[in-house]
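These notes are about the structure you will find just below.
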Amino acid sequence: MTAPYGWGLVVAALAATGIAIWAGPNLSIAVPAAVIAVVAAALLFLEVALRSGTGRARPSPESLPPRPAAVRTAFVSGRLGRERLVLLLDVLDRHAGVSDRGPRSPDEIDRFSRMSPEEFRAYLGGRVDDLEART
């Protein structure tokens, strides 16, 4: 396992601080040690700032796999659940490389909410079958 940051800088800052405190009123030793401690600490803060901005991008909701509980909830959540299921199938299409369509229009989403439960289940079944056949 590697250390997350330069431990040499931490050791240098602590050692230089200790020497500066130990030197007390002897300014010929205390001042250079304090300068070294401050520079090492500044470099450590700079390293932390530079490393914290890279490699920690939060994944978008589309890139996360759907949670089974969320999918089950969508089946009994009325209009919003239907929207979620249709958008989930769109995401699965894009991830499978099957579709490159953009976001759905509000009219399309409204059409799904007006379908009867049987029609919507048939639509979902057809989309899942189609996705399965093309991947």
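Taken together, the values in this text are just the output of simple stated rules run on the coordinates, not laboratory data. It should be emphasised that the depicted structure is a prediction, and the values quoted were computed from it without experimental measurement. Because the Cβ atoms are built from the backbone with ideal geometry, glycine has one as well, and the counts that use them run over all protein chains shown.
Sort largest first and round to whole Å: the equivalent ellipsoid semi-axes of the stretch 94-135, each the square root of five times a Cα gyration tensor eigenvalue.
Values: eigenvalues 86, 51, 4 Å².
Square roots of five times the eigenvalues give 21, 16, 4 Å.
First measure r as the distance between the Cβ atoms of ARG51 and ASP129, then evaluate 1/(1 + (r/R0)^6) with R0 = 35 Å and state the FRET efficiency to the nearest 0.05.
So the FRET efficiency works out to roughly 0.15.
How many nm is it between the label spots at ASP107 and ILE29, if each spot is 7 Å from the Cα in line with the beta carbon?
According to this spin-label approximation, the distance is 8.5 nm.
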